1. Step by step: first the residues of region 95-148, then only those that are in a loop (DSSP other than H, G, I, E, B) and among the aliphatic types (A, V, I, L, M), then the one that is farthest from the chain's Cα centre (by Cα). Which residue is that?
2. So is residue 193 more than 25 Å from residue 20 (Cα to Cα), of a type outside the set (S, T, N, Q) and either touching a Leu at 6+ places or on another chain (Cβ under 7 Å) or assigned to a helix (DSSP H, G or I) (or both) or not?
3. May I ask you to list the residues in region 46-60 that are more than 9 Å from the ligand (Cβ to nearest atom) and either touching a His at 6+ places or on another chain (Cβ under 9 Å) or among the hydroxyl-bearing types (Ser, Thr, Tyr) (or both)?
4. Just give me the residues in region 188-207 being of a type in the set (S, T, N, Q) and more than 12 Å from the ligand (Cβ to nearest atom), in sequence order.
5. Here is a check on your reading of the model: is residue 63 crowded, with 16+ Cβ neighbours inside 10 Å, of a type in the set (Val, Ile, Thr), within 10 Å of the ligand (Cβ to nearest atom) and outside any helix (DSSP H, G or I)?
6. Can you pull out the residues in region 161-188 that are exposed (fewer than 14 other Cβ atoms within 10 Å of the Cβ) and either closer than 26 Å to residue 15 by Cα or of a type outside the set (Gly, Ala, Ser) (or both)?
7. Pairs please, first residue from region 108-123 and under 17 Å from residue 215 (Cα atoms), second anywhere and at pLDDT below 95 and not aliphatic (A, V, I, L, M), Cβ atoms under 9 Å, 6+ apart in sequence or on different chains.
8. Hey, among the residues in region 66-78 that are part of a strand (DSSP E or B) and more than 9 Å from the ligand (Cβ to nearest atom), which one's nearest to residue 14 (Cα to Cα)?
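The values are calculated or read from the model by the stated rules, or taken from the named source; none is laboratory data. Small disclaimer: the values here were computed from a predicted structure and weren't measured. So basically every Cβ, Gly included, is an ideal-geometry build from the backbone, and we count neighbours across all protein chains shown.
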Amino acid sequence: MLKPNSSNRLQLYDLAGAQPQRRFSPYCWRTKLALAHKSLAFDTIPWRFTDKDAIAFSGQGRVPVLVDGDRIVFDSWTIATYLEDAYPARPSLFRGDGGRTATRFINTWADTVVSGGISRLIITDILGVLDEKDRSYFRETREKRFGATLEAVVADRQARVAGFRQSLEPLRAVLAMQPYLGGEAPLYADYIVFGCFQWARCASPFQLLLTDDPVWAWRNRLLCAFDGLAQKALGFPV
Ligand SMILES: N[C@@H](CCC(=O)N[C@@H](CS)C(=O)NCC(=O)O)C(=O)O
């Protein structure tokens, strides 16, 4: 397979909106925080949903796609395990094999309960930040997935957000005992769930969390991590 670049720095194809600096993929955020955790220098390449040709070299059509020298890795979970194995001397993302396998549950919970809940609250806002060329693709593929118009999907969100907050109780209960899912310091488990909230923050002004929620305080700690990597990103002040 042809190496797409010869840079020494890692390269990440990262979902962007109409504004190139609006980076809102939850999966790409997981990867960016994993790279920061490992102190790996990387450049991001803005990518839109319909730029399938730009990542055809990876053999599939979704981001994140990571290029590390001649290695091409896609899928946020696969990238995290790749980074853990390729850079074992750098801070661990999982703290051992048990941590790695247990974190699979967090990945699944985040992808179903957290992302699923958030998408039903903000999907029309996502449409609003997309590049013009992505809008009809996004609407068609997501309406097919939901079996409803995007407007119908978000209807009554002010009434439904309480149910979403309730669904975060397992996270809230753990954060009552420790500052991060990883314990005293964040691990990849934190970046997985945080990526969902950062997706919302970068794409939507809708307030998902109440400010007295321990999940809010945890999210703020992660916004500040790595010199404010996530906080500095273009988003909404929610
Ligand atoms: N399981 C994959 C999911 C990746 C994914 O769905 N990425 C979205 C962006 S958030 C994408 O590229 N979608 C392309 C499309 O819908 O055509 C991961 O964890 O990386």
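1. 148
2. Details: more than 25 Å from residue 20 (Cα to Cα): no; of a type outside the set (S, T, N, Q): yes; either touching a Leu at 6+ places or on another chain (Cβ under 7 Å) or assigned to a helix (DSSP H, G or I) (or both): yes.
The answer is no for residue 193.
3. Residue satisfying the conditions is 58 alone.
4. Answer for region 188-207, where residues must be of a type in the set (S, T, N, Q) and more than 12 Å from the ligand (Cβ to nearest atom): 204, 207.
5. Working: crowded, with 16+ Cβ neighbours inside 10 Å: yes; of a type in the set (Val, Ile, Thr): yes; within 10 Å of the ligand (Cβ to nearest atom): yes; outside any helix (DSSP H, G or I): yes.
So residue 63 fits the description; yes.
6. Within region 161-188, 166, 169, 170, 177, 178, 184 qualify.
7. Partner pairs satisfying both residue conditions: none exist.
8. 66
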